[in-house]
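Novice: Could you have a look at this structure, given as structure tokens, before my questions?
What follows is calculated from the coordinates using simple rules that are stated; it is not laboratory data. Only a predicted model underlies this, so the values are computations on that prediction, with no experimental measurement involved. FYI the Cβ positions are ideal-geometry reconstructions off the backbone, even for glycines, and counts take in every protein chain you see.
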């Protein structure tokens with residue numbers, strides 16, 4: 001076909017194909033393989049997928065069943081039916097994982113034990129991943145706690161991972177930032193010593209920035225809270241003020257989450273006067289006056305089991321875990337609850353929006369090429385014209 005059609009026409013056809021078909025098309029000829037693996041096409045296909053109004057978005061679920069990690073994709077539609085279960089491979093000598101974040105079809109994982117820092121970027125749609133070089137920093141100690149954030153820098157078309165350390169004195173120490181384009185870590189300055197963040201709390205990525213609930217202690221006790229953000233393009237920290245009713249609360253009662261495509265929300269849980277749950281959304285990102293309380297639930301309103309707020313769906317409804325493991329949605333306009341008949345149990349560990357993509361196709365290792373589970377894959381390996389890649393041995397332990 002490439003002998004009869006201009007390259008521009010071929011690209012227009014290819015960018016409309018689903019991921020599974022594109023992976024197969026790589027075997028047609030070297031020209032098609034080169035076109036599909038080109039970083040420019042990978043980005044173009046992703047943008048076409050995100051802008052296609054008829055595409056049904058996905059919800060990524062991670063749960064722990066029968067001693068194994070399980071990943072599922074569900075359609076974010078009325079039925080919330082399952083699209084497929086993702087194949088979760090054994091990543092070298094690395095064991096139990098935690099999701100740092102997911103963006104543009106790429107999942108960032110960190111692995112236990114946490115006396116070392118191991119990170120992987122994994123694209124389950126194409127079964128490719130890379131192992132990140134190990135940062136030259138101290139890991140968890142009695143004096144330093146670590147938080148991680150993962151997101152996309154649209155200005156440089158780059159995926160970045162941020163490590164934020166918090167000293168025992170509750171001040172931020174100089175963070176480290178990994179760039180996929182540069183395949184290296186670097187120190188980030190200036191830091192934001194004014195606020196601390198709770199250890200082990202996932203960041204919220206939206207609008208090209210990472211967000212945490214930041215806090216500082218008052219001189220005579222109490223707290224002062226704000227949203228602490230990190231712009232991945234400018235590589236700088238910034239602050240967003242909270243509603244007045246949330247500023248002076250214990251930071252452990254608050255958490256952030258994504259709201260829609262371009263803003264944030266804050267979840268409040270009050271344990272003192274019976275359990276109370278409030279959900280505040282920033283309807284216009286960065287505009288403090290746009291904070292709006294959209295949900296208030298009391299334990300007495302439920303059937304003995306308090307719901308867990310998981311996030312927002314594409315249609316604006318909130319996704320909940322109710323009745324000790326069942327998924328449900330709640331319409332914020334009429335406050336009606338709609339069960340989904342999806343049982344995930346108590347071990348639901350991650351929920352997030354997901355889009356299938358070709359990200360990493362041009363530079364990652366095929367998980368099916370890993371023949372020795374005791375060896376990690378070096379991120380310097382790149383893809384060739386076939387579906388299988390040559391793997392290289394690397395030390396799993398950080399030195």
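Novice: Quote the FRET efficiency, to the nearest 0.05, computed for residue 96 versus residue 156 with a Förster distance R0 of 30 Å and r equal to the Cβ-Cβ distance.
Specialist: Details: r = 33 Å, r/R0 = 1.09.
In this case the efficiency is close to 0.40.
Novice: Mind checking the full-extension length gain between residue 241 and residue 341? Use 0.36 nm per residue of separation minus the Cα-Cα distance, one decimal, nm.
Specialist: 32.2 nm
Novice: So, one more: If I stretch the segment between residue 181 and residue 248 completely, what's the gain in nm (0.36 nm per residue apart, minus their alpha carbon distance), one decimal? Walk me through the numbers before you get to the answer.
Specialist: Details: separation 67, 0.36 × 67 = 24.12 nm, distance 4.05 nm.
Net length gain for the segment: 20.1 nm.
Novice: Show me 149-158, 17-26 ranked by packing, highest mean number of other Cβ atoms within 10 Å first.
Specialist: Order by mean packing, descending: 149-158, 17-26.
Novice: Specify, per residue and in Å³, the volume enclosed by the convex hull of the alpha carbon atoms belonging to segment 152-299.
Specialist: 120 Å³
Novice: Working out 0.36 nm times the residue gap between residue 29 and residue 17, then minus their Cα-Cα distance, what length gain in nm do you get to one decimal?
Specialist: Separation in residues times 0.36 nm, less the Cα-Cα distance, equals 2.6 nm.
Novice: Let me ask something else. If R₀ is 51 angstrom, what is the calculated FRET efficiency for the pair residue 287 and residue 85, using the beta carbon separation as r and rounding to 0.05?
Specialist: 0.80
Novice: Once segment 1-55 is represented by equal point scatterers at the alpha-carbon sites, with solvent omitted, what log10 I(q)/I(0) does the Debye formula produce at q = 0.14, 0.24 Å⁻¹?
Specialist: Reported log10 I(q)/I(0), two decimals: -0.34, -0.97.
Novice: Suppose R0 equals 45 Å; then what is the FRET efficiency for residue 51 and residue 143 from their Cβ-Cβ distance, rounded to the nearest 0.05?
Specialist: The computed FRET efficiency comes out at 0.45.
Novice: With label points built 7 Å along Cα→Cβ from the Cα atoms of residue 77 and residue 331, find their separation and express it in nm.
Specialist: Result: 1.9 nm between the two label points.
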